[in-house]
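What follows is one structure encoded as structure tokens, with my remarks underneath.
The values are calculated or read from the model by the stated rules, or taken from the named source; none is laboratory data. Treat the numbers as computed from the prediction; the structure is a model and nothing was measured. Methodologically, a virtual Cβ is constructed for each residue, glycine included, from the backbone with ideal geometry; neighbour enumeration extends over all protein chains shown. For the accessible areas, the whole protein counts, side chains as well, though only heavy atoms, and no ligand, DNA or RNA atoms are used. Shrake-Rupley method; radii C 1.70, N 1.55, O 1.52, S 1.80 Å.
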Amino acid sequence: MDKQVKGFGLKAKFLGTALVVFVVTGLFAFGVLWNVVGRLTERLGLAYARNYTMATSAVLREPLDREITLARLMADAPVIRDWVENETDETKRTKALTELAAYEAKFADKCWFMVVHSSLHYHFDDPEHRYGPTRLAYTLNPEKTEDQWYFATLKDVKDFAINVNYDSVLDSHKVWINVVMHATD
């Protein structure tokens, strides 16, 4: 009895040691598990965000890419180019406006515009056909601040530029796709 009072027995010491080892091992395992779960959650979250962003971007870009492609095809259309080279030719104008009407039907907003560089005539059409049979909306003026977009586009843009702008003459806010028509050789 004397020995039991002075200290713990072998069984109690073993259980105490086992309990300490179990608690330390459990805490260590919990820390490792917490770290692994945290990293896994972060990786899955980043992968989800990346995939979601890419999918959303593709959905948003598709209509814009389509409009850019149409604008580029319009700028390269031989009938339109023929008219731009000789804007006063009535036969070429009629053919070009027929071609432009086909593009108008394909654009999302049912509008098109183009500038004939030699005259600086800004031609525009929309579903209301506000500018009559010539589609001549106005003539650009190099002195006007609101017309500087055209001259800046010619100077700085190789192929095309996207321009979000308000056109005060047309009274229209739009995402304009400015495609540069290069002279053919």
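General observations
- Ordering of 121-128, 13-20 by packing is 121-128, 13-20, highest average first (other Cβ atoms within 10 Å, averaged per residue).
- 24 Å Cα cut-off, lysine pairs counted over the chain (separation 8 or more, or different chains): 13
- Charge-dipole axis of segment 6-99 as Lys and Arg at +1 and Asp and Glu at -1 on Cβ define it, positive-most pick from Thr25, Val36, Phe14: Phe14
- Relative contact order, whole percent, for the chain stands at 11, derived from Cα pairs under 8 Å and 6 or more residues apart.
- Dipole magnitude of the chain, debye to nearest 20 (Cβ charges: Lys/Arg +1, Asp/Glu -1, about Cα centre): 2220
- Residues whose placed amide H lies under 5 Å from that of Ser172, excluding near-sequence neighbours: Asp167
- Considering only Tyr122, Leu46, Tyr138, and ranking their Cα positions along the charge dipole of the chain that arises from unit charges at the beta-carbon of Lys, Arg, Asp and Glu, the one farthest toward the positive end is Leu46.
- Placing unit charges on the Cβ atoms of the charged side chains and taking the dipole of segment 41-180 about its Cα centre, the candidate lying farthest along the positive direction among Ser168, Leu100, Thr69 is Thr69.
- Using a probe radius of 1.4 angstrom, the carbon and sulfur fraction of the accessible surface of the chain is 63%.
- Given +1 at the Cβ of Lys and Arg, -1 at the Cβ of Asp and Glu and no other charges, the dipole of segment 116-157 around its Cα centre is 120 debye to the nearest 20.
- Summed over qualifying helices (DSSP H, 4 residues or more, each -39500 (n - 2.57)) and divided by its residue number, the chain shows a 222 nm mean residue ellipticity of -20000 deg cm²/dmol.
- Here the Karplus curve 6.51 cos²θ - 1.76 cosθ + 1.60, taken at θ = phi - 60°, turns the phi angles of segment 160-167 into couplings of 8, 9, 9, 10, 8, 7, 9, 9 Hz, with x standing for Gly and Pro.
- Peptides 166-173, 135-142, 31-38 ordered by average Cβ neighbours within 10 Å, highest first: 135-142, 166-173, 31-38
- Using a probe of 1.4 angstrom and keeping all protein chains present, the accessible surface of the chain works out to 72 square angstrom per residue.
- Neighbourhood net charge (12 Å Cβ-Cβ; Lys/Arg +1, Asp/Glu -1) for Asp89: -1
- Screening the chain for DSSP H helices whose Cα atoms reach 20 Å or more along their own axis and whose mean Kyte hydropathy is at least 0.5 gives 10-76.
- Local electrostatic count, Ser118, Cβ distance below 11 Å [Lys/Arg +1, Asp/Glu -1]: -2
- For Rg and Dmax of the Cα atoms in Å, computed directly from the structure shown, the correct entry in [x] 18.1, 63; [y] 17.1, 58; [z] 35.7, 125 is [z].
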